[in-house]
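Chemist: Pasting in a structure now, in structure tokens, and then I'll have a few things to ask.
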Amino acid sequence: MSARRIIAGAACLLAALLLRDWLEAAMLRHMLLQLPMIVAAGWLLAPAARGLHRLAIFDQHGVTGLTALLLVSAYWMIPRALELSITSTQIEAAKFLSLLALGAILPGSLQRANWIVQLFYMGNLCWMTAIAGIQYQNMPQRLCNAYLLDDQVTTGVALVAASIAIALVWGWRLHTTREVHHVTTSTQRRINHHAGPRIL
């Protein structure tokens, strides 16, 4: 594990912790800045977690990890859950732990999942995020007592934008991965085909 990765992961986690009063003061920063920072910290620090590879037996084709992605993401999109994380130390700790764990297991789950499985789960994630964003914009009443209505509407717009961004990044990543795999496979076949008889 590279030192840069450790430093980046630790920086994300410390920023989410030390700046939490400022981050949680606005719904937009809370949901679309702090939460992704915690997930990113788990992702970056995952290689340092010993025994994490043993979870692969419970994550065939990445289904368990990607299901966790949908469940954890859906829960922390609930305005009441965000409010409780501000007022309760236990809920705040649960937020950090659940998102760190999610970030830690996601890389392995994505590697184990083929593109069809990824399409199903990432499509659902983007759709769920966009629908939540539309609901935030269209609700005439405040969904969370901790935040103003204008903040709720702004967060809704940002959620829709985030769903589009996730789809674009995932599509680019999938295209790049499949292209590299195709080139590697084709090269290997060509080498095998022209290798000729072995002497030893």
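Read-outs throughout are calculated quantities, based only on the coordinates presented, and are distinct from any laboratory measurement. Predicted, not measured: the structure shown is a model, and the values here were computed from it. All Cβ positions, glycine included, derive from the backbone under ideal geometry; neighbour counts span all protein chains shown.
Chemist: I'd like the per residue volume of the convex hull spanned by the Cα atoms of the chain, given in cubic angstrom.
Modeler: Hull volume over Cα atoms, normalised by residue count, gives 146 Å³.
Chemist: Relative contact order (percent) for the stretch 3-193, with alpha-carbon contacts under 8 angstrom and 6 or more residues of separation?
Modeler: Worked out over the stretch 3-193, it gives 23 percent.
Chemist: Kindly point out which whole DSSP H helices in the chain project their C-alpha atoms 30 angstrom or further along the helix axis while averaging a Kyte-Doolittle hydropathy of 0.5 or above.
Modeler: Taking the DSSP H segments of the chain (at least 30 Å long, mean hydropathy at least 0.5), we get 89-112, 115-138.
Chemist: Now for a separate question. What ranking of SER88, SER163, SER109 emerges when the number of other C-beta atoms within 10 Å of each C-beta is taken as an exposure proxy, fewest first?
Modeler: SER88, SER163, SER109
Chemist: Could you let me know the centre-to-centre spacing of the stretch 32-96 and the stretch 140-176, using Cα atoms, in angstrom?
Modeler: Computed from Cα coordinates, the inter-centre distance equals 18 Å.
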